[in-house]
Amino acid sequence: MTGDHAKDAQNDITQAQKEMTQASTEIGKGQFAAGIEHYSNAWKHAEDAITDATQNNH
């Protein structure tokens, strides 16, 4: 993994964590649809992080 891919992966992980926090907040307020949307966004960021982390320079 190159430095750029590592930075991208870390950024995606950070964004996923933020989305998880937002999801929890929304669920706690009874805003279930919004919470689910944030969980979905977190999942996408996690998938992006995996993609970034497993890319090489070929």
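Read-outs throughout are calculated quantities, based only on the coordinates presented, and are distinct from any laboratory measurement. Source: prediction; values computed, not measured. As a convention, Cβ positions derive from the backbone with ideal geometry for all residues, glycine included, and neighbour counts pool all protein chains shown.
Numbers below:
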{"item": "Test: residue in the stretch 14-35 that is in contact (Cβ under 8 Å) with a residue 40 or more places away in the chain, of a type in the set (D, E, K, R), in a helix (DSSP H, G or I) and out of contact with any Pro (no Cβ under 9 Å at 6 or more places or on another chain)", "result": "no"}
{"item": "Every residue from the stretch 1-13 that is in a helix (DSSP H, G or I) and either among the polar types (S, T, N, Q) or surrounded by 14 or more Cβ atoms within 10 Å (Cβ to Cβ) (or both)", "result": "5, 8, 9, 10, 11, 12, 13"}
